[in-house]
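The values are calculated or read from the model by the stated rules, or taken from the named source; none is laboratory data. Only a predicted model underlies this, so the values are computations on that prediction, with no experimental measurement involved. Every residue, glycine as well, gets a Cβ built from its backbone with ideal geometry; the counts of neighbours run over all protein chains shown. To get the accessible areas, we keep the full protein, side chains included, count just its heavy atoms, and leave off ligands, DNA and RNA. Shrake-Rupley method; radii C 1.70, N 1.55, O 1.52, S 1.80 Å.
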Amino acid sequence: MLSRNAESLFWIGRYMERAENHARLIDVYYHFTHDGLGAEGDWRAARIIDALGAKQDYEQRFPNLQEETALTFVTLDRNYMNSLFSCVAQARNNLRTLREKLPSELWDAVNCMYLWLTDLEPSDLLLDSPHQFYQQVKDRIAVFWGVQQSVMMRENEWHLIESGKYLERAENVVRILRSVTFASHPDETAYPYWLALLRSVSGYQAFRKTYADNFKAEPIMEFLVSNLAFPRSVHHAVSLLEHHMKRIEPGDDTHVALRDKVIRKAAKLRADIACLEREDFAADKIDELLAGISQSCMKIGALIAESFFRREEASA
């Protein structure tokens, strides 16, 4: 497989997963008001911008922080490379170069979503409810993943898309967790935050099944980081990243050695997560733990680029 094709496939997975996670991360802050915290619009906008790492880019373009402007920037802005629209557009561009190699249904799913986003105006985000809009985003991306699961041959192309998806998922779940400062809220006011966080990853019912009503920081962190059975946990994502890396067949011995290096790094991160104890999720340790997982994911991404992509064309 040509390295440029491998790169395009990997980033299709990353960009589609990133778009979905953007929708989830933005939506969690709107859960705050709906669960009775009464946060003002500008407060929500500030948290969204910070959580997505968009503060510097936003401030270069806009002098004031306003809710509608911030939402438009991180969702529909065509000049901000990390907006939700840009993620879908870049996935579409990568898919377009591979249309002859991939099922046509994949192109149809991404292209329809791209055209839908292209037709939207900024006012559409707040016309009915941001919840409804971002739910539509998640639903449309679910169509793409459903088609991909149903029709793709389980060959290198499949494993590369899946690898991109699960690396991006691990990084973004960590980002969501880091965006909520558990220790800053007294126990008597913490419940809406835990509920919002679990809803943002569609994990409320699964958490209740495992921990009942134990809505505290440590069990929630433990569930979202180390629960192997929950499909949006970091542990689950890293395990599947390792699984798909093992099934990619490189073209020569050099690439085999590089791929195996990626596998070892992913296996180490998986094992480290599997060995975590409840006390490792205490308030005075969690920031360091999440930062370490984030750094490991970034190193894995760099190793994948070194193993499969032409460096001069590496995406970001």
Among (1) assigned to a helix (DSSP H, G or I); (2) touching a residue at least 24 places away in the same chain (Cβ under 8 Å), there is one condition Ile248 misses while meeting the rest; what is its number? (1)
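Of the residues Leu95, Leu127, Leu102, which single one is touching a Leu at 6+ places or on another chain (Cβ under 8 Å) and either open to solvent by 10 Å² or more (accessible area, probe 1.4 Å) or on the phi > 0 side of the Ramachandran plot (or both)?
Testing whether each residue is touching a Leu at 6+ places or on another chain (Cβ under 8 Å) and either open to solvent by 10 Å² or more (accessible area, probe 1.4 Å) or on the phi > 0 side of the Ramachandran plot (or both) leaves just Leu102.
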Subset of the stretch 259-278 [over 19 Å from Gly13 (Cβ atoms), touching a residue at least 24 places away in the same chain (Cβ under 8 Å) and not charged (D, E, K, R)]: Ala267, Ile273, Ala274, Leu276
In this structure, is Glu171 touching a Cys at 6+ places or on another chain (Cβ under 6 Å) and either farther than 30 Å from Asp287 by Cβ or open to solvent by 10 Å² or more (accessible area, probe 1.4 Å) (or both)? yes
What is the number of the single condition among (1) at pLDDT 95 or above; (2) closer than 24 Å to Leu177 by Cα that Ala89 does not meet? (2)
From Arg270, Arg232, Arg264, which residue is open to solvent by 40 Å² or more (accessible area, probe 1.4 Å), within 29 Å of Arg154 (Cα to Cα) and either assigned to a loop (DSSP other than H, G, I, E, B) or touching a helix residue (DSSP H, G or I) at 6+ places or on another chain (Cβ under 7 Å) (or both)? Arg270
How many residues are more than 18 Å from the chain's Cα centre (by Cα), open to solvent by 20 Å² or more (accessible area, probe 1.4 Å) and not polar (S, T, N, Q) when one looks only at the stretch 50-76? 9
Six or more apart or on different chains, Cβ under 7 Å: which pairs go from a residue in the stretch 1-28 that's under 13 Å from Asn172 (Cα atoms) to one that's open to solvent by less than 10 Å² (accessible area, probe 1.4 Å) and assigned to a loop (DSSP other than H, G, I, E, B)? Could you list them? Arg24/Val201
Among the candidates Ala291, Ala283, which residue alone is in a helix (DSSP H, G or I), hydrophobic (A, V, I, L, M, F, W, C) and on the phi < 0 side of the Ramachandran plot? Ala291
Quick one: would you say Ala314 is touching a Phe, Trp or Tyr at 6+ places or on another chain (Cβ under 6 Å), modelled with pLDDT under 90 and at negative phi? no
What are the residues in the stretch 93-126 that are among the β-branched types (Val, Ile, Thr) and within 23 Å of the chain's Cα centre (by Cα), if any? Val110, Thr118
With the structure loaded, tell me whether Val110 is open to solvent by less than 70 Å² (accessible area, probe 1.4 Å) and either of a type in the set (Gly, Ala, Ser) or closer than 19 Å to Ile48 by Cβ (or both) or whether it fails that test. no
Here is a check on your reading of the model: is Leu115 at pLDDT below 95 and out of contact with any helix residue (DSSP H, G or I) (no Cβ under 8 Å at 6 or more places or on another chain)? no
Cβ contacts < 6 Å: first residue at pLDDT 90 or above, restricted to the stretch 214-230; second residue in a loop (DSSP other than H, G, I, E, B) and open to solvent by 10 Å² or more (accessible area, probe 1.4 Å), any location; separation 6+ or different chain. Result? Ser226/Leu276
May I ask you to say which residue of Tyr191, Tyr204 is without any contact (Cβ under 8 Å) to a residue 12 or more places away in the chain and more than 30 Å from Leu95 (Cα to Cα)? Tyr204
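Taking the conditions exactly as written (in a helix (DSSP H, G or I), hydrophobic (A, V, I, L, M, F, W, C), open to solvent by 40 Å² or more (accessible area, probe 1.4 Å) and modelled with pLDDT of 90 or more), does Met298 satisfy them or not?
Yes, satisfied.
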